[in-house]
Amino acid sequence: MSDRPLAAIILAAGQGTRMKSETHKVLHPIAGKPMLHHLLDTVDSIGVERTVVVVGARREQIEASVEGRKVAIAVQEDQLGTGHAVAQAKAALEGFAGDVLILYGDVPMVSARTMENMIARLNNGSDPRAVVLGFRPDSAGAYGRIIADEQGEIEKMVEYKDADDKERRITLCNSGLMVVRSTDLFILLDQISNDNAAGEYYLPDIVMLPGQKSAVIEVDDPAEVAGVNSRAELAAVESEWQQRRREKAMADGVSLIAPETVFFSYDTDISSDVIIEPNVIFGPGVTVASGARIYGFSHIEGASIGANTNVGPFARLRPGAVMEEGSKVGNFVEMKKSTLGKGAKANHLTYLGDAEVGEGANIGAGTITCNYDGFFKYKTVIGKGAFIGSNSALVAPVTIGDGAIVAAGAALTKDVAADDLALVRPEQTSKAGWAKKFREAMMKKKAGK
């Protein structure tokens, strides 16, 4: 790649009406991260010095989303075409001398490698005016067409609605992405007109101005330049992203028993020798250490899962859940902001919220930590080797000492010392023959009716 300075202009001023959403189109998520931020992260990874996002409708949403990032905002007040949109970035690039990538906020999956290939072609010695990224979709549809020679020099670019029948039969299509030298870009934009079927200023028209020729390179995988203009297209890009992530996970040594049913987040971090059963969903912020097994139908978000642990089936781990080495949570167990110590287990029907469970502790079925009084959260501490009997309610703040036993059915409101037994229920009594007398009386009463 060239060592020239690099900037990026990301166009995100479109109305996005086909999404039928109050959320800006480019802020809809793929794998839990807004489309725009997928693109911004890729741009950052190749060393871009200046990034300009061109906004229009719902600009305040994008401004809030990129707050804290090194991003300048340019505003396109009137929607007069892609060429007009790029021109709005001129002030933000004042004094910049280098190459400028032009990208689209609703085309989020273009790779760093592809961007680098475009930049390299611009600076390979043949001195093209611009480099356009082309692709060959299964169906060219209404995409603009590119007519080029064998060396990739562009002879003509034409929008679909302005193309004749012969041009529409061309299979090389324009993705809209390009790279241009900053010293040329705004001079070229000043020379294009809106004399076309839409009455807009088309960015591709800078390629066809007299003089220097431009070049086209083809993207390796057309899925990289898939645009998102509707919910269906969003789902298609999500599906493509997930498929690639599953393939990477398996290549990295993760076993997916039914890959098509597992869904990852953009930041899911899974070590090798992890087994993931069908219908598992990972939200943001999950790490899984080697040797863990995630059983089916589990939902995990914001959790740290240690080595050789078991999760599920039908488990829910919420943000702040930490499972240390060898610990287990089973079916219908929910954890939130809690730590399950080394070798500890909660095998079924349990809620652990704002809790610290010590090494080797055993949490019986039906146990809950009552951590919230409607105003504040309180902590439950369960010591090493403690045993919590089934159907217990631990009313926080409360501490169960190491080795203590809480008998089944307890509603515990006071601390339990180490190695003590806590019994919180009345003594059991029996009435001889009462059940038989009750049945006989009820049957007689029913027969009388």
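The values are calculated or read from the model by the stated rules, or taken from the named source; none is laboratory data. Just so you know, these numbers come straight off a predicted model, no measurement behind them. We place every Cβ from the backbone using ideal geometry, glycine too, and count neighbours over all the protein chains shown. These area figures cover heavy atoms from the full protein model, side chains too; ligands, DNA and RNA do not enter into them. Shrake-Rupley method; radii C 1.70, N 1.55, O 1.52, S 1.80 Å.
On the accessible surface of the range 3-124, probed at 1.4 Å, how many percent belong to carbon and sulfur atoms? Please list the in-between numbers first.
Details: 2270 of 4930 Å².
Answer for the range 3-124: carbon and sulfur cover 46 percent of the accessible area.
Among the GluC sites (Glu not before Pro) in the range 1-74, which ones are in a DSSP loop with at most 10 other Cβ atoms within 10 Å of the Cβ? Mind listing them?
Details: sites: Glu22, Glu49, Glu60, Glu63, Glu67; in loops: Glu22, Glu49, Glu67.
Here the sparse-neighbourhood loop sites are Glu22, Glu67.
For Lys436, the lysines whose Cα falls under 28 Å of its own Cα, not counting residues fewer than eight places away in the same chain, are Lys444, Lys445, Lys446, Lys449.
Take peptides 337-345, 225-233 and line them up by average Cβ neighbours within 10 Å, highest first, as a rough protection proxy. Write down the numbers at each step before the final one.
Numbers: 337-345: 22.1, 225-233: 16.6.
Highest to lowest by the protection proxy: 337-345, 225-233.
If R0 is taken as 45 Å, the Cβ-Cβ distance between Glu49 and Ile257 corresponds to a FRET efficiency of 0.50. Between Lys446 and Ala411, the modelled label-to-label distance comes to 3.2 nm, taking each label 7 Å out from Cα in the direction of the beta carbon. Rounded, prolate or oblate: which fits the range 89-163, taking a ≥ b ≥ c as square roots of the Cα gyration tensor eigenvalues, rounded meaning a/c under 1.5, else prolate when a/b beats b/c? Note, shape of the range 89-163 comes out prolate. Among the listed pairs Lys90/Lys161; Lys337/Lys384; Lys25/Lys336; Lys70/Lys336; Lys70/Lys337; Lys33/Lys70, those whose Cα-Cα separation exceeds 24 Å are Lys90/Lys161; Lys25/Lys336; Lys70/Lys336; Lys70/Lys337.
Expressed as a whole percentage, what fraction of the accessible surface of the range 184-324 belongs to carbon and sulfur atoms when a 1.4 Å probe is rolled over the protein heavy atoms?
On the way: 3120 of 6210 Å².
The C+S portion of the solvent-accessible surface of the range 184-324 is 50 percent.
Peptides 433-446, 184-197, 81-94 ordered by packing proxy, namely the average of other Cβ atoms within 10 Å per residue, highest first: 81-94, 184-197, 433-446.
For the chain, the relative contact order is 8 percent, taking Cα pairs closer than 8 Å that sit 6 or more residues apart in sequence and dividing their mean separation by the residue count. Each label point was placed 7 Å from the Cα along the Cα-to-Cβ direction; for Lys437 and Asp373 their separation is 4.5 nm.
From its DSSP helices (H runs of at least four residues, each -39,500 (n - 2.57)), the chain gives a residue-normalised ellipticity at 222 nm of -5500 deg cm²/dmol. On the beta carbon distance between Gln428 and Ala393, with R0 = 22 Å, the FRET formula returns roughly 0.70. If a/c stays under 1.5 just call it rounded; otherwise compare a/b with b/c (prolate if a/b is bigger, oblate if not). Do that for the range 33-180, with a ≥ b ≥ c from the square roots of the Cα gyration tensor eigenvalues. Prolate, since a/c reaches 1.5 and a/b exceeds b/c. When the chain is treated as a GNM, springs tying every alpha-carbon pair under 10 Å, which of Ala393, Ala74, Ala346 comes out with the largest mean-square fluctuation? Comparing Ala393, Ala74, Ala346 in a Gaussian network model of the chain, the most mobile one is Ala393. Computing Cα extents along the principal axes in Å for the structure here picks out one of (i) 81, 55, 43; (ii) 92, 61, 44; (iii) 106, 60, 41, namely (iii).
Solvent-accessible area per residue for the range 38-160 at a 1.4 Å probe radius, Å²?
Numbers: 5290 Å² over 123 residues.
I get 43 Å² per residue for this part.
For the pair Ala418 and Thr23, label points projected 7 Å from Cα toward Cβ lie 5.0 nm apart.
Starting from the Cα gyration tensor of the range 78-130, take the square roots of the eigenvalues, sort them a ≥ b ≥ c, and report rounded, prolate or oblate (rounded when a/c is under 1.5, otherwise prolate if a/b is larger than b/c, else oblate). It is oblate, given that a/c is not under 1.5 and a/b is not larger than b/c.
Three principal axis extents describe the C-alpha atoms of the range 295-352; from largest down they are 22, 19, 17 Å. Rg ratio for the range 1-98: its Cα radius of gyration over 2.2 N^0.38 Å, N being its residue count, equals 1.08. Ligands, DNA and RNA excluded, the heavy atoms of Tyr160 present near 70 Å² of accessible surface to a 1.4 Å solvent probe.
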